[in-house]
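The values are calculated or read from the model by the stated rules, or taken from the named source; none is laboratory data. Source: prediction; values computed, not measured. For neighbour counting, all protein chains shown are included, and Cβ atoms are generated from backbone atoms with ideal geometry for every residue, glycine included.
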Amino acid sequence: MSAIDDLFSRLSRSPFRQKFHLGHGEYAYCAEKGEEKISAHAADFVRDRLSAAQPANDGKQTPMRGHPVFIAQHATATCCRGCLSKWHHIPLHQPLTAEQQAWIVTVILHWLRLEMQRPQPPARKGKKKALDDNQLSLL
Ligand SMILES: [Zn+2]
């Protein structure tokens, strides 16, 4: 079994991880931006929010909504160094290597590809919209 199949099989047994799905707006955002752009965003988030030996606010640095990559991170246990240590055996208190960062981006993209094979969820009335480009530029 490949490493990624093994990981996704373990994730499939976690009711907490299985709760996460793209919302209407996040799904639309993914479809509109395409895989290359989303992958670049994922690489930026991983570098900026996770790669330091002691990331700021570790455990709280990944919002629960807004960008499809954030949802993918919670779903794949790549949201914080604690989860990366527990699920991916990536040691705490050390900067992430280029290989570790590439693995995390691969995992995020794999989850997003699976998620985009599902039908787009309906828009929820009265709920906050997903981030638009103006808000994203502030991230
Ligand atoms: Zn976490």
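Here are the numbers:
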{"item": "Yes/no for Gly66 being under 24 Å from Ala123 (Cβ atoms) and not hydroxyl-bearing (Ser, Thr, Tyr)", "result": "yes"}
{"item": "Contacts under 9 angstrom Cβ, first residue in the range 67-82 being at positive phi, partner near the ligand (Cβ under 8 Å from one of its atoms), 6 or more apart", "result": "Ala77/Cys83; Ala77/Leu84"}
{"item": "Cβ pairs under 9 Å, 6+ apart, first in the range 87-102 and under 18 Å from Ser39 (Cα atoms), second surrounded by 13 or more Cβ atoms within 10 Å (Cβ to Cβ) and of a type in the set (D, E, K, R)", "result": "Leu96/Arg47; Leu96/Arg81; Gln101/Arg47"}
{"item": "From the options Gln18, Gln94, residue that is at negative phi and more than 16 Å from the ligand (Cβ to nearest atom)", "result": "Gln94"}
{"item": "Residues of the range 49-81 that turn out to be part of a loop (DSSP other than H, G, I, E, B) and either within 25 Å of Gly25 (Cα to Cα) or among the small types (Gly, Ala, Ser) (or both), as a count", "result": "18"}
{"item": "Filter pass, His110 being more than 16 Å from the ligand (Cβ to nearest atom), surrounded by fewer than 21 Cβ atoms within 10 Å (Cβ to Cβ) and in a helix (DSSP H, G or I)", "result": "yes"}
{"item": "Test: residue in the range 60-78 that is of a type in the set (A, V, I, L, M), within 16 Å of the ligand (Cβ to nearest atom) and in contact with an Asp or Glu (Cβ under 7 Å, 6 or more places away or on another chain)", "result": "yes"}
{"item": "Flag if Ala52 is modelled with pLDDT under 95 and more than 13 Å from the chain's Cα centre (by Cα)", "result": "no"}
{"item": "Filtered residues of the range 41-59 (kept if away from the ligand (no atom under 12 Å from the Cβ) and more than 26 Å from Arg124 (Cβ to Cβ))", "result": "Ala43, Asp44, Val46, Arg47, Asp48, Ser51, Ala52, Ala53, Gln54, Ala56"}
